[in-house]
Amino acid sequence: MDWGEGNWPASLQEVIDEFSDVFDAMERYEMLFDFASECTPLPMEEWCEDTRVHGCQSEAHVLCSLDDDGRFQMIGSADAQIVQGLMAVAQKAINGLPPEEVSTFPVTFTRELGLHDSLSPNRANGFLNMFTRVRQEARKLAQGAA
Amino acid sequence: MDWGEGNWPASLQEVIDEFSDVFDAMERYEMLFDFASECTPLPMEEWCEDTRVHGCQSEAHVLCSLDDDGRFQMIGSADAQIVQGLMAVAQKAINGLPPEEVSTFPVTFTRELGLHDSLSPNRANGFLNMFTRVRQEARKLAQGAA
Amino acid sequence: MTLDLEAIRADFPILSRVFPSGHPLVYLDNAATTQKPRQVIQAMTDYYEQHNSNVHRAVHTLAAEATAAYEEARITISDWFGLEPHRLLYTSGTTEAINLCAHAWGRSNLEKGDVVLLTEMEHHSDLIPWQMLAKDIGVELRFVPVDPETYTLDMDAFEATIGEAKFVGCVHTSNVLGVRNPVERIIELAKTRGNGGDGAVVLLDSAQAVAHDRLGFDAMGVDFAACSAHKMCGPTGMGALLVSEDRIGEMTHFLGGGDMIEEAWLDHATYQPPPHRFEAGTPKIAEAIGWAAAIDWLSQFDMQEVSAHILGLARHTAAELKQIEGITVYGDHEGDLGSGAVSFLHDTLHSEDLAHFLDAGGFAVRTGHHCAQPLMRRLGISATNRASFYLYNTMEEADAFVTHLKGVIDRLS
Amino acid sequence: MTLDLEAIRADFPILSRVFPSGHPLVYLDNAATTQKPRQVIQAMTDYYEQHNSNVHRAVHTLAAEATAAYEEARITISDWFGLEPHRLLYTSGTTEAINLCAHAWGRSNLEKGDVVLLTEMEHHSDLIPWQMLAKDIGVELRFVPVDPETYTLDMDAFEATIGEAKFVGCVHTSNVLGVRNPVERIIELAKTRGNGGDGAVVLLDSAQAVAHDRLGFDAMGVDFAACSAHKMCGPTGMGALLVSEDRIGEMTHFLGGGDMIEEAWLDHATYQPPPHRFEAGTPKIAEAIGWAAAIDWLSQFDMQEVSAHILGLARHTAAELKQIEGITVYGDHEGDLGSGAVSFLHDTLHSEDLAHFLDAGGFAVRTGHHCAQPLMRRLGISATNRASFYLYNTMEEADAFVTHLKGVIDRLS
Ligand SMILES: Cc1ncc(COP(=O)(O)O)c(C=O)c1O
Ligand SMILES: Cc1ncc(COP(=O)(O)O)c(C=O)c1O
């Protein structure tokens, strides 16, 4: 699949639709904060150097794997709510996809949340680093699986 | 004596008058070149670290002393003609004066040669360093003589 | 006379910036870098448009103009700080200045086992160069603790150790806590009791100090001070190491190359006297001119008044923040000494999230460890939000900031 | 397509300068520093007026903008030179870049007795850092002679010595002679026969090269190249060390402080990966942006055309000067390779006097040893007058220069 604008996984599209109903930027952030609590977390006991995302302001950890069907699964936690909220949205976007598709999944999906003005990928450096890392791991998993 | 504009030693005033008859800047420089040959030189055999003026583009050497009457005497040489020409004029300005007067002699006398536009003290760095050095030596000689 | 804030602000083009959100910029990140008045920008533009040339060994007119402007800048800057021009060594900033000190003085005047006394409050820039020196030549680093209750240096510990120290490196004004350290007392103790009574050499990291203090370098009796132009209305890429008469002669050299050479042969060379010995390569010409223009601009003010204004804003803000439930303010802003930096944290809202929502309202604050991780550890935290004020900030901005912050917290925590 | 010189010149405010004497500026001191187009000046002004902020760890908008502009500049510059961004290390110029190489690579990869092969043609900036290294760790310096008849490197001597050399430092294009050295051959010999066949590491001092050559760094197979922004329409206080993939991992560290740190404790620290590991302190933000603007400006031209234009002016001028009685031209300007620098001397008129009279006519040339005293000694002189051309110079300027020079000589010699 060639994911991108106009063609997002259904679970992500649902989130995008939810955000698009809201006009106030501040409210969108509140929504993102709410999403943070829906994130499938990486339990703190499992945080280690290997799971740590470098280049984050906040502490952020991710663990990527394939489920029994060979589908990609990412769990993660971050102490900043915005990053954790975006992680939750990312889970909806990529979890369950084949790892090859994750490895090229466009980071631009964050734009669709309407946070763009204040949250360009460049700005939300932490998230960008996290997502880049996730794509790399997906590539490795895809190669391992192939 | 309080030397300065409007009150220069006669021998210097003569030079200034000569320059003031000439209107073309280039010609003034030619005159300065001619003066270079009138400079009482420091023979090359006597050039050494002690006589060397630092901070000159060109090689320049000066030797300062008092004559039998306790009057200041500077002899010197430079390989750049402009510096040597200015040295010659400087000799006319200060040689024969009491060393105390030399130690405070205004370097601004070069302005009166009408070379100012192209030869501000800042520009003619070499000459400025030379003259500063000469004034310091005059101060030392004055103290030694007192 | 009070500062005419309207006139001051009119000199800073960036302060009229309005974001697409409709919010005007409220710049409260001055401890990271200050904004530049148009006079500074114009001075550099003029240089590039009219006089640009390489300096020194100047025979042609442009070169003479550039050299004069560059060296006159040194005079302007050294006059401001109260020392002779040849002891003001241009660097690219505070960090390079401290490295210059460690290399050109430290390596040749300290040896294995010598005690270098630093503080837990140091910015990494006054820590890492000494760690490197410790590794390379074996000096021993010791640290004056910070009292996490009072947010001040433990001066008893300083007094207890100073006798053994040959060198003291200390931040003049903390970039995190806003506290101004008792530098007069530190210098006095170092000079009278340091190094077994022979006197210890003192470097002040003055990066934050220069924003509100002219230093009075020679009068202080300190050996070295390091600072950056960009923290006092000057350009990036510029700073200086200020050196005392006693120490300048003890410094060897650091970077090698053009401009610091008197005469070079294939197998050896002689070096220029200071300052040029320590300034290898084509200098930061436009930057020096820009820094001097910044000082010319600052010269119109009474710095005590400037300092009082900045401190007033910080004190007011700190007091207001302390009223907000969940907010901890780091640093004591009640005293008469300090800078415009106010560090704080909310107990549930992550500093990065908070900064984000402040930014959404146009408020620029810095968030992170501020390159002072040892201090963070001592305070038991990993980051703070830091609002830092400068002479162009107003009480209205401070109040708007507090109001917006309250709104964010109400909504999100 | 040929260069539209009128349009080019219109971009440089300083080129319309007229001196009080009525003479327009004819700027022939480009090997010392080039002039800046208004686009470069404007880019820095825009930064200061709209986006100025400290970079990295950016949460607020200005900081994000400044960080993006700063890091995008690195991409622009590294694309131009043909290497990956993280291997372009910002420095204050060529001189600091070579010192960075000597400290961060030399000190940890060379040892006592290792042969460092330089040339007699080196600028002091590619000589003194290695003299310092020789003194500090005992490497042995050897020198490839310059043939004073042909003004070229003695490549036989190079071939004879390269087997013993572990490191080669060589000026890509001489700032005195205008000659472009056979760098491809030098790299090939170093790689195949250097260090007993294991290959020698090569640094090219590319200060002059970048004015007329994009380098193609990775494609050249060289290890290090050093350059300055101010010699290619960029600002002062800026430059870079370019590093190969093989070498970047061998470099340790140089300056310590903020921005190069990953995590710091009191007694140790971990460092960022390259490039930031080598860039301590608040970076040269406006300077990086200005340099990228210079490269954007240069990108509109075909650099081969630019190079041919510059070389054409130099060749024409050199040929004309050789016709003048009493003038010696240093350097061979007949070949296809070289830069815009033409060094010369008159046999009776002192170089300083001559420069003075050229200046009186508005002609800016450099006079002195050009920080290449060993080369001067080999040529049996202590200074030259040097006219050096750049893309905005015209044939009319070259001719006017020769005419004025003849007039001065006729009158004064
Ligand atoms: C060949 C060469 N190397 C090194 C340098 C030093 O460059 P910078 O002074 O910009 O550090 C120069 C310029 O002066 C040069 O021409
Ligand atoms: C206390 C302190 N020291 C050192 C520095 C380093 O200054 P710079 O980054 O300009 O080298 C800073 C600023 O970041 C600072 O606040």
Neighbourhood net charge (12 Å Cβ-Cβ; Lys/Arg +1, Asp/Glu -1) for C:LEU313: -3
Share of pairwise Cα separations in region B:10-145, more than 18 Å, in percent: 52 percent
20 °C / 1.002 mPa s Stokes-Einstein diffusion coefficient of region C:292-363, Kirkwood radius on C-alpha pairs, µm²/s: 151 µm²/s
Whole-Å distance, taken between Cα centres, linking region C:162-210 and region D:187-213: 47 Å
Computed E for C:HIS268/C:GLU396 - FRET, C-beta separation, R0 56 angstrom, nearest 0.05: 0.35
Principal semi-axes in Å for region D:351-411 [√(5λ), Cα gyration tensor, largest first]: 23, 15, 9
Copy-to-copy label separations for D:ASP147, where each label sits 7 Å from Cα toward Cβ, in nm and ascending: 7.8
Residue mean of other protein chain beta carbons inside 10 Å, A:79-90: 3
For region D:1-71, Kirkwood radius (reciprocal of mean inverse C-alpha pair distance, Å): 15.1 Å
Rg over Rh, two decimals, region D:147-243 (C-alpha only, Kirkwood Rh): 0.99
Local electrostatic count at D:GLY82 - Lys and Arg +1, Asp and Glu -1, tallied over other residues with Cβ under 13 Å: -3
Modelled label reach - A:LEU66, point 7 Å along Cα→Cβ, region A:75-118 residues with backbone N closer than 16 Å: A:95-104
Estimated 222 nm signal from helices in chain C, with DSSP H stretches of n ≥ 4 weighted -39500 (n - 2.57), rounded to 500: -11000 deg cm²/dmol
Distance (nanometres) between label positions extended 7 Å along Cα→Cβ at D:LYS322 and B:ASP21: 4.6 nm
For region D:70-116, projected area of the alpha-carbon convex hull averaged over all directions, nm²: 4.1 nm²
Fraction of the pair-distance distribution of the protein assembly as shown above 60 Å, Cα-Cα pairs, percent: 15 percent
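With a length cut of 18 Å (Cα positions projected on each helix's long axis) and a Kyte-Doolittle mean of at least -1.0, go through chain B and give me the DSSP H helices that pass.
Values: long enough: B:81-94 (19 Å, 0.98); B:125-145 (30 Å, -0.56).
Long hydrophobic helices here: B:81-94, B:125-145.
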Subset of C:LYS36/D:LYS231; A:LYS92/A:LYS140; D:LYS166/D:LYS284; C:LYS284/D:LYS135; C:LYS112/D:LYS135; C:LYS36/D:LYS36 violating a 24 Å alpha-carbon distance limit: C:LYS36/D:LYS231; D:LYS166/D:LYS284; C:LYS284/D:LYS135
Under 21 Å from D:LYS406, Cα to Cα: lysines that are on another chain or at least 8 residues apart: D:LYS322
Ranking of D:PHE363, C:PHE167 by count of other Cβ atoms within 10 Å, fewest first: D:PHE363, C:PHE167
At 7 Å out from Cα toward Cβ: C:THR270 inter-copy label distances (nm, ascending): 5.1
Label distances, nm, B:GLN13 versus same residue in remaining copies, Cβ-directed 7 Å point: 10.3
Compactness of chain D, expressed as Rg and Dmax over alpha-carbon positions, Å: 21.9, 71
Principal semi-axes in Å for region D:1-132 [√(5λ), Cα gyration tensor, largest first]: 34, 28, 14
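Read-outs: derived from the displayed coordinates by stated rules, not from any lab. Small disclaimer: the values here were computed from a predicted structure and weren't measured. FYI the Cβ positions are ideal-geometry reconstructions off the backbone, even for glycines, and counts take in every protein chain you see.
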